[in-house]
Amino acid sequence: MQINNEFKPKIVAFCCNWCSYAGADLAGTNRLNYPADVKIIRVPCSCRVNPMFILRAFQRGADGVIICGCHPGDCHYTSGNYYARRRITLLFSMLDYLGIERERTRLEWVSAAEGAKFSATMNEFAETIIKLGENKRLEDLRCKAE
Amino acid sequence: MQGRMIEMAKKLLGDGTVNRVIGWKKGEFAYDITPAVFENAEEIDADFVYDDFCGHNLSKYLIKESKKDGKMLVFLKPCDTYSFNQLIKEHRINRENVYIVGIPCEGKASAETIKEKGISGITGISSDGDNFKVNTIYGDETVAKSDVLEERCTVCKSKKHVVYDELIGEDGEVNENSSRFDMVAKLENMTADERYAFWRNELSKCIRCNACRNVCPACSCENCVFDNPNSGVSNKAAVTSFEENMFHIIRAFHVAGRCTDCGECSRVCPQNIPLHLLNRKFIKDINELYGDYQAGEESEGRTPLTTYTKEDCEPSIVNERGCK
């Protein structure tokens, strides 16, 4: 979407309820800035993120998708993020293989105490997406009608 | 080979070891052979056929057939036995109800490639060393095997039967030097724009006939995600480039770690999309990142995506190593 010729990226962040979502909360209570274009979706665990969710986010207009979960070893469900790590690695690799910019997707481990990391990651990711520009390769024009 | 198979099928039907046989049946033309179930010796005499066009992987049919009463005789080629083993691992086949006869395979011919070579009126095919002898209504033609084999057979990964009750002929060896990842590596070495163009060109041909899904032994879900009316993508042609991409990414992802690389998807694709290249990319990644793994080699244990180690690489490896 372009307003005043300035590209405002839409970023979808899947945050695990136990670590990253609390980390985002901490960033907020600490008054740390992160771009307002980051839309957080709370999921019970990073391994709840179905590859379809990521593709759907792109379809519905996201320019970047980031997944945040507990650090390996800290999963509330013991091992969820280990499974997620393998799955997400393979999916990102496949998107890269299909020629979709690999910088558009990212996975970051953010704990509940890392409000500063959350805000820094989101700022950095938003900058990357602004550089890349609009998502064209995985867009669905029907979802961009307005 | 066909004679020995018929003999064996009749013997096992006769002594009551099995009550039906799944094999291949003549179609309208010599090359459009179809999988079929035979229940008695007369049916076998009339229609049973096994030649170099019999590429179909019969393991998929056993998901339903093995749940019926009585034992079934099935003829499996080496690559089909991998699919069978993988299905056993996933508890999709009732092993007690299946009697497997392993048959050797020297590679199957692609009727389409033969026809593209200008050979028409095909009435039969036989193997002769490095060549196929194709009988046509205009006389016999000889073509080099390397020219007309199915893609998966030119890079055959194994001639070894990983599961069987009985064998006809000699068991083969795993081909360690298969060059099946060459094309994947070639794509990886292209630039992102070239890869995007390549896949757009291929995937835009998709007519969503679902043949790849229906024939795939790994696609054994009773309710497929693409049949869900709420998904917006069920039973209809892809409308946008996004839907084309999504169907193939998700389908390949759902069989990642379970795909034995039997190559049926590419064989049945009416649009000749090289779908095996998507599956092989996952296999190659799994081999490189999580250690060598061949789905179907074992009938027990976990697949790479249902297990983990604490030392696994981070997804950022895609940025570091990734494609060019």
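The values are calculated or read from the model by the stated rules, or taken from the named source; none is laboratory data. The structure presented is a predicted model; accordingly, all values stated were derived computationally and were not measured. So basically every Cβ, Gly included, is an ideal-geometry build from the backbone, and we count neighbours across all protein chains shown.
One residue stands out in region B:169-206 among those that are among the acidic types (D, E) and closer than 21 Å to A:L138 by Cα: the one that is farthest from the other protein chains (Cβ to nearest Cβ), namely B:E202.
Conditions (1) in a strand (DSSP E or B); (2) within 25 Å of B:E150 (Cβ to Cβ); (3) under 16 Å from the mean Cα position of the chain (by Cα), marked per residue:
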site: B:H56; (1), (2), (3): no, yes, yes
site: B:Y61; (1), (2), (3): no, yes, yes
site: B:G70; (1), (2), (3): no, no, no
site: B:F75; (1), (2), (3): yes, yes, yes
site: B:C79; (1), (2), (3): no, yes, yes
site: B:Y82; (1), (2), (3): no, yes, yes
site: B:N85; (1), (2), (3): no, yes, yes
site: B:I93; (1), (2), (3): no, yes, no
site: B:E96; (1), (2), (3): no, no, no
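Take the residues of region B:265-305 that are free of Cβ contacts under 8 Å to residues at least 24 places away in the same chain and within 17 Å of B:S158 (Cβ to Cβ): which is nearest to the other protein chains (Cβ to nearest Cβ)? This residue is B:N287.
When we screen A:G61, A:G23 for residues that are within 16 Å of the chain's Cα centre (by Cα) and on the phi > 0 side of the Ramachandran plot, the only hit is A:G61. Checking each residue in region A:76-102 for being more than 7 Å from chain B (Cβ to nearest Cβ), out of contact with any Lys or Arg (no Cβ under 8 Å at 6 or more places or on another chain) and more than 15 Å from B:T307 (Cβ to Cβ) picks out A:H76, A:Y77.
Here B:V255 passes the criteria (1) within 11 Å of another protein chain (Cβ to nearest Cβ); (2) surrounded by 14 or more Cβ atoms within 10 Å (Cβ to Cβ) except the one numbered (1). Residues considered: B:R251, B:R302. Of these, the only one that is on the phi < 0 side of the Ramachandran plot and touching a helix residue (DSSP H, G or I) at 6+ places or on another chain (Cβ under 8 Å) is B:R251. Here the condition is being polar (S, T, N, Q), within 23 Å of A:M52 (Cβ to Cβ) and under 19 Å from the mean Cα position of the chain (by Cα); of B:N279, B:N272, it holds for B:N279 alone.
All of B:T81, B:T34 fail the test of being touching a residue at least 60 places away in the same chain (Cβ under 8 Å) and under 28 Å from B:V174 (Cα atoms), apart from B:T81.
Checked against (1) touching an Asp or Glu at 6+ places or on another chain (Cβ under 9 Å); (2) assigned to a strand (DSSP E or B); (3) at pLDDT 90 or above; (4) within 16 Å of B:G55 (Cβ to Cβ), B:S127 passes all but a single condition, namely (3). Looking at B:T142, is it more than 25 Å from A:G99 (Cβ to Cβ), polar (S, T, N, Q) and either within 14 Å of chain A (Cβ to nearest Cβ) or loosely packed, with under 14 Cβ neighbours inside 10 Å (or both)? Criteria met by B:T142. Considering region B:146-198, and only residues there that are part of a helix (DSSP H, G or I) and in contact with a Ser or Thr (Cβ under 8 Å, 6 or more places away or on another chain), the residue that is surrounded by the most Cβ atoms within 10 Å (Cβ to Cβ) turns out to be B:V148.
As a summary of the residue check, A:I41 satisfies the conditions (1) more than 11 Å from chain B (Cβ to nearest Cβ); (2) part of a helix (DSSP H, G or I); (3) surrounded by fewer than 22 Cβ atoms within 10 Å (Cβ to Cβ) except for the one numbered (2). Given (1) within 29 Å of B:H91 (Cβ to Cβ); (2) within 12 Å of chain A (Cβ to nearest Cβ); (3) touching a residue at least 40 places away in the same chain (Cβ under 8 Å); (4) surrounded by fewer than 21 Cβ atoms within 10 Å (Cβ to Cβ), where does B:I250 come up short, assuming only one miss? Exception for B:I250: condition (3). Evaluated against (1) crowded, with 24+ Cβ neighbours inside 10 Å; (2) away from chain B (no Cβ under 12 Å), A:G69 falls short on exactly one condition, (2). The residues of region B:289-324 that are surrounded by fewer than 19 Cβ atoms within 10 Å (Cβ to Cβ) and under 18 Å from B:M190 (Cβ atoms), listed by number, are B:N319, B:R321, B:G322, B:K324. Is at least one residue of region A:105-127 surrounded by fewer than 20 Cβ atoms within 10 Å (Cβ to Cβ) and within 12 Å of chain B (Cβ to nearest Cβ)? So far as region A:105-127 goes, no, none of its residues is surrounded by fewer than 20 Cβ atoms within 10 Å (Cβ to Cβ) and within 12 Å of chain B (Cβ to nearest Cβ). You will find that of A:A13, A:A24, A:A62, the residue that is assigned to a helix (DSSP H, G or I) and either buried (at least 16 other Cβ atoms within 10 Å of the Cβ) or of a type in the set (S, T, Y) (or both) is A:A24 and no other.
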